[in-house]
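All remarks here apply to the structure that follows.
The values are calculated or read from the model by the stated rules, or taken from the named source; none is laboratory data. Treat the numbers as computed from the prediction; the structure is a model and nothing was measured. Here the Cβ positions follow ideal geometry from the backbone for every residue, glycine too, while neighbour counts run over all protein chains shown. Accessible surface areas use protein heavy atoms only, side chains included; no ligands, DNA or RNA. Shrake-Rupley method; radii C 1.70, N 1.55, O 1.52, S 1.80 Å.
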Amino acid sequence: MTETMHVPVVVIGAGATGLCAALAACDAGVEVLVIERDVTPLGSTAMSTGLIPAAGTPEQAAQGLVDSPELFAEDITRKTKGHADPAMALNLARHSAETIAWMRSNHSIPLDLLDGFTYPGHSARRMYGTPKRSGGELMGCLQSAAEDAGAMLLTDAAVTELVADDTGRVTLVRFSRPDGSVEDVSCDALILACSGFAGDAALVARHIPEMAEATFHGHPGNKGDALRWGEQLGAATADLTGYQGHGGLAHGYGIPILWPLIMQGGFQVNLDGRRFSNEAAGYSEQAAKVNAQAGHVAWSIFDARLHALMCEFEDYRDALSAQAIVTADDLDALAFAIRLPPEALAETVMQVAALTRGEGEDAFGRDFTGKPELAGPWYAAKVTGALFHTQGGLVVDDEARVLRKDGSALPNVFAGGGAARGISGDGSYGYLAGNGLLTATTLGKIAGRSAAALVTRG
Ligand SMILES: Cc1cc2nc3c(=O)[nH]c(=O)nc-3n(C[C@H](O)[C@H](O)[C@H](O)COP(=O)(O)OP(=O)(O)OC[C@H]3O[C@@H](n4cnc5c(N)ncnc54)[C@H](O)[C@@H]3O)c2cc1C
C-alpha cells in the first residue's frame, strides 16, 4: 500500500483564484499544492480581458482621479440595486488596492491602470491590466509567479471527491488522472478555487433558465464541483441565479466585441435596423436583451474612430482577422452588406446623431452626449448574447471561510472567485465589469492567507 501524500494547504483549480491563493500561502511560508484538471492552467481567467478593478490606488491619485473603497462599494451596491452583500462588497473594495500592489510588487505581475474610458457603472477609472490587456497573459504571469514562489502545481488531475470527518473538516482530496488512476492527498486546509457552474448545462437550466439556450462562452471545465461539494458539507449558497452575460459575442466566431465600443458611442440594432435597448446600461444584462431579438442576434454599429479605439484590444484584433467585422464607406453600402433595411438603419443613425447633439430624449434612457457624432466609413459586427460566467456560489466570510447555513464556518474550507458567492446580486444586471477578477484575485489572496494562518496556528 502506498502512503498518502500530505500537503498542509491544497487548492483545487489553477485559475486566478487558485494561483493567487497559492501565492499568498507561499508568502506565509506554507507548503501548498494546486490541483488542476486541465493540462495547461487557463480557466475562465485566460478567456477574460484580465482587467482587475482597484479603488484608492497611488496611480489613481497621481492621475488626479478621485476614488475610494467606499465609492467602489457604492457602485457595486447601485449596480446590483442593493442585492449584493454590502459587507462583502466593502471588504473586497478595501482590499482591492492592496491586491494590485501585492501582485505587482511581491510577485512581479506587470499591472498598470488603464487609460481612456470608464466601464459602465464605475464612477472612476479603476481597471488594471497586464500590457496586452489579456487574461491569457495574466494567467501566464500568475503561473510563473506561483512557480517562482515555490507552489506545487499538479495538472491533468481532476478532483472527484472530498473526504470529511463528522465536524465537516476536509481531510482528504481524491483526484483522478487521464489514465483512470485515482490518487489521494491529505491536507490541513482546503481552498475551493474551481469556479462556478456555467460549464454544466443542467445546473444552468436549473438556476439560470433564461440563459439555458444561450451560447456558452466560458471555461467548459467549470462544472459546479465547488457548489456540489459545498452543499454536501452543509454550506450555505447564495445568488445562484446571478450571472455574467455578454451582449456582444461575435455571432458564429465566439469572440467578444468588448464594451468600450458601446460606451464610446456605438449602438446596437436588431434585424429591422432599430435600436431595442439602452446598450450602455451594461454588457451583462444586454445578453438577454439581444437574445430576445429575432434570430437571437443584433448588429453593433460603429465608425472608424471606435474601430481605432477597439484595435487596442486583442479580442477585437482577433475578430478583425477572423473577418467578423464588416465595413463600408457609406450607410447604404453597409445596410446592403449586412442585409438590414437601409431606410430604417439610416433613420436610426440620424436619431443617434440627434441624441449625441443633445436633441431629444432617448426612448431607452441612454445618454449619448459628450461623444463625437458617428461618421462614415461605417463598421458593424453581428453579435449574440452569451453566458460567460456564473456569479452565485458558496457563502464566505471576510476571511474567505465557507459558511454553513447557520452562519458558522466550516473548520478548514475556504473559497473564492467563481466558487464563492460574488458581488453581482441575483441576476445579470448586477455584474459590474471586473467583479469576476476582483473576487478571484482578492478572495484568492485572502483564502491563501487565511488557510496559511489556520495551518500555522495548528
Ligand atoms: C470571456 C470572458 C471574459 C471575461 N472578462 C472578464 C474581465 O475582463 N474582468 C473580470 O473581472 N472578469 C472577467 N470574466 C470573469 C472572470 O474570468 C472569472 O470571474 C474569473 O476568471 C474566475 O476565476 P477562477 O479562478 O475562480 O476560475 P477559473 O479561471 O475558471 O479557474 C478555475 C479552474 O478550476 C479548474 N477546475 C474546475 N473543476 C476542477 C476539478 N474538479 N478538479 C481540478 N480542477 C478543476 C478549471 O479547469 C479551471 O482551470 C470573464 C469571463 C469570461 C468567460
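Mind listing whichever residues of region 300-320 are in contact with a helix residue (DSSP H, G or I) (Cβ under 6 Å, 6 or more places away or on another chain) and of a type in the set (Phe, Trp, Tyr)?
Correct list: 302, 316.
Could you please give the count of residues in region 418-432 that are within 13 Å of the chain's Cα centre (by Cα) and modelled with pLDDT under 95?
Here the count works out to 4.
State which residue is nearest to residue 298 (Cα to Cα) when the search covers only region 209-268 and only residues that are out of contact with any helix residue (DSSP H, G or I) (no Cβ under 7 Å at 6 or more places or on another chain) and of a type in the set (A, V, I, L, M). It would help to see each step written out before you state the result.
First pass over region 209-268, keeping only residues out of contact with any helix residue (DSSP H, G or I) (no Cβ under 7 Å at 6 or more places or on another chain): 209, 213, 215-217, 220-221, 223, 225, 227-236, 238-239, 242, 249, 251-252, 254.
Remaining after also requiring of a type in the set (A, V, I, L, M): 227, 233, 235-236, 238, 249.
On the way: 227: 34, 233: 44, 235: 41, 236: 38, 238: 32, 249: 10 Å.
Residue satisfying both the conditions and the ranking: 249.
Scan region 159-196 residue by residue and report those that are outside any strand (DSSP E or B) and without any contact (Cβ under 8 Å) to a residue 40 or more places away in the chain.
Matches in region 159-196: 165, 166, 177, 178, 179, 180, 181.
Restricting to region 204-234, count the residues that are more than 16 Å from the ligand (Cβ to nearest atom) and farther than 18 Å from residue 384 by Cα.
Adding up the residues that qualify gives 4.
Of the residues in region 13-32, how many are among the small types (Gly, Ala, Ser), more than 6 Å from the ligand (Cβ to nearest atom) and part of a loop (DSSP other than H, G, I, E, B)?
Result for region 13-32: 2.
Give region 33-61 a look and list any residue that's near the ligand (Cβ under 6 Å from one of its atoms), surrounded by fewer than 24 Cβ atoms within 10 Å (Cβ to Cβ) and assigned to a helix (DSSP H, G or I), or say none.
The answer is 47, and nothing else.
Kindly list the number of the only condition in (1) open to solvent by less than 30 Å² (accessible area, probe 1.4 Å); (2) closer than 22 Å to residue 18 by Cβ; (3) in contact with a Leu (Cβ under 6 Å, 6 or more places away or on another chain) that fails for residue 109.
For residue 109, the failing item is (3).
Kindly indicate which of 66, 10 is open to solvent by 20 Å² or more (accessible area, probe 1.4 Å), outside any helix (DSSP H, G or I) and either over 27 Å from residue 314 (Cα atoms) or away from the ligand (no atom under 16 Å from the Cβ) (or both).
The conditions single out 66.
From the list 373, 359, 312, which residue is in a loop (DSSP other than H, G, I, E, B) and within 16 Å of the ligand (Cβ to nearest atom)?
Step by step, each of 373, 359, 312 is checked, and only 312 is in a loop (DSSP other than H, G, I, E, B) and within 16 Å of the ligand (Cβ to nearest atom).
Could you tell me which residue of region 57-106 is farthest from the chain's Cα centre (by Cα), considering only residues that are of a type in the set (Val, Ile, Thr) and either at pLDDT below 95 or farther than 21 Å from residue 16 by Cβ (or both)?
If we take residues in region 57-106 being of a type in the set (Val, Ile, Thr) and either at pLDDT below 95 or farther than 21 Å from residue 16 by Cβ (or both), then 66 is farthest from the chain's Cα centre (by Cα).
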